[in-house]
Structure formats: structure tokens, C-alpha cells
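Report on one structure; see the data block that follows.
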Amino acid sequence: MGSITLSKVTKSFGDVNVIPPLDLEINEGEFVVFVGPSGCGKSTLLRLIAGLEDTTSGKILIDGKDATALPPAKRGLAMVFQSYALYPHMTVRKNIAFPMKMAGIPEDEQKRRIDNAASALNLTDYLDRRPGQLSGGQRQRVAIGRAIVREPAAFLFDEPLSNLDAALRVGMRMEISELHEKLATTMVYVTHDQVEAMTMADKIVVLQAGVIEQVGSPLDLYREPKNKFVAGFIGSPR
Ligand code: ADP
Ligand code: MG
């Protein structure tokens, strides 16, 4: 579960082509990071995988099946939004339950999944609080909890830590990596932060202007960057 294949995928907005034909293989259980400067197409690529944008051409396969024309809800993937996307008037429990309620999952099953997610994310003691009564890191965990309970084939993260302060970011980075180990589910993670990419990824995809400059493990990219862009991007200080 959780393999994703992009085959000759392109995306244009009007006359502007932001993703030229692109091929990419994401394997089951892999932690894949898309990294590159602002505007290079990371979010667009993630949104194409999620189904939040339609491809202009090309194919997207999820677990070997053609998902190119499927709506987001039918793809079996969960997008983790930044923590500010929580409902402020609902408790943590209700925030996490919301997608399951929408999907018509029975209440006892909802409760089982909430308990599991809360325990995986150390949120058990916070289920009756509202987002306003939580720290930034706790709020981010609730946002992740809302994705976990859908039991997706893959998690898609778009710069989930960008609105946290530096110290919290380091902690959350480790928590997401630990969660990946616990769940062994595919994670696709977008960031413009080289350190996040190097510390979290099994596989890094370096993008520039919609083009994949290099795909490889952090060590591959560090030892044998294919060009100056990759070398500069991976090597440059923050
Ligand atoms: P990143 O996430 O790497 O910062 P994006 O994927 O958001 O980059 O954007 C890639 C390019 O596509 C940018 O030039 C951006 O302006 C353009 N773009 C993204 N979404 C739209 C849209 N809905 N309409 C027009 N242009 C868009
Ligand atoms: Mg973006």
C-alpha cells in the first residue's frame, strides 16, 4: 500500500507551464521529500498527487491503479495541512473525528481510531481541549491526527512546520520521523528547508522550476550532487 507513480505528468496554469513532463516513482512505505526554492512547483506536485489539481497531461498511479481522474476523497491519501486549519470551536476529539464523521464511519470505530491516533501522538490528555488551549506543536499533532484516522495509503505534507518557531520545528521533525517508523506508511513531504530534507528523507527529490534535478538518498545527494544547483542547495547554510 502507498506506492505512487507519476508518468509524464505535466501541469500548466493557463499558458504557463509549471511542471514539464515529469516521471517519479514513490515506493511503499518510503519517506520522500520534495525540496526546492519557493515557486519551483513543490505544492503543485503534491496537489496533483492529492487530486486537488488536475493534471494537464500524463498519468498518476496509486498502488498500480490509474488515479489520474479520481477525486481527492477516492485516492486513499491524506493531506496534512498546517495547524491553523483546525476548527477553533471544536474539541481536539471532534476535530480528529470530523473526517470520519463525514465519511460515515460508525461511532465505535471512530472512537477506536481516535484513541490509537491520540496515543501515537501523545494527545490522550488533550482530547477535550480546544485548539486555542494547545501549544503550536500540539496543534500540529492534532492536524496529523486528523489525517491518521483516515488510515490513508500515504500522507502528504505541505510545509507542515513552517508556522512553528525554530525550536519546535526540530522537535516536530523528530516526531514525524518517529511516526513514520511506527506507521510504516508512505509519506510525501514538501519543504524548502534543506535541513528538514536531509534529516527526514529516505529519498529526496530536488526540484528547480518544475524539473527534477536529482533523486536520491540524503547521502547520495551529499556525496554525488549531479550539478551545481543540487550541490549549492544541499550544501548551502540556512
Ligand atoms: P512551491 O510550492 O514550490 O513554492 P508552487 O507549486 O506553489 O511552488 O508554484 C509553482 C508555480 O506555479 C509558481 O510560479 C506559482 O505562481 C504557480 N502557480 C501555482 N498555483 C497556481 C494557480 N492556481 N494559478 C496560477 N499559477 C499558479
Ligand atoms: Mg508551496
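The values are calculated or read from the model by the stated rules, or taken from the named source; none is laboratory data. Just so it is clear, the model here is predicted, and its values are computed rather than measured. Every residue, glycine as well, gets a Cβ built from its backbone with ideal geometry; the counts of neighbours run over all protein chains shown.
Note down all Cβ pairs under 8 Å where the first residue falls in the stretch 1-22 and is free of Cβ contacts under 8 Å to residues at least 40 places away in the same chain and part of a strand (DSSP E or B), the second is of a type outside the set (Ser, Thr, Tyr) and crowded, with 17+ Cβ neighbours inside 10 Å, and they're at least six residues apart or on different chains.
Pro21/Val9; Pro21/Gly58
Ala201: more than 30 Å from Ala103 (Cα to Cα) and either touching a residue at least 24 places away in the same chain (Cβ under 8 Å) or within 16 Å of ligand 2 (Cβ to nearest atom) (or both), yes or no?
So Ala201 fits the description; yes.
Output yes when any residue across the stretch 118-125 is outside any helix (DSSP H, G or I), modelled with pLDDT of 95 or more and surrounded by fewer than 21 Cβ atoms within 10 Å (Cβ to Cβ), and no when none is.
Checked against the condition, which is being outside any helix (DSSP H, G or I), modelled with pLDDT of 95 or more and surrounded by fewer than 21 Cβ atoms within 10 Å (Cβ to Cβ), the stretch 118-125 yields no hits at all.
Name the one entry in Ser38, Ser43, Ser12, Ser57 that is surrounded by fewer than 21 Cβ atoms within 10 Å (Cβ to Cβ), modelled with pLDDT of 95 or more and within 16 Å of ligand 2 (Cβ to nearest atom).
Exactly one residue qualifies, and that residue is Ser43.
Residues being more than 15 Å from Val142 (Cβ to Cβ) and either in contact with a helix residue (DSSP H, G or I) (Cβ under 7 Å, 6 or more places away or on another chain) or not in a loop (DSSP other than H, G, I, E, B) (or both): count how many of those fall in the stretch 85-109.
5
Would you please list the contacts, defined by Cβ atoms under 7 Å and residues six or more apart or on different chains, that run from a residue in the stretch 35-59 that is over 21 Å from Pro152 (Cα atoms) and within 9 Å of ligand 1 (Cβ to nearest atom) to a residue that is aromatic (Phe, Trp, Tyr) and assigned to a loop (DSSP other than H, G, I, E, B)?
none
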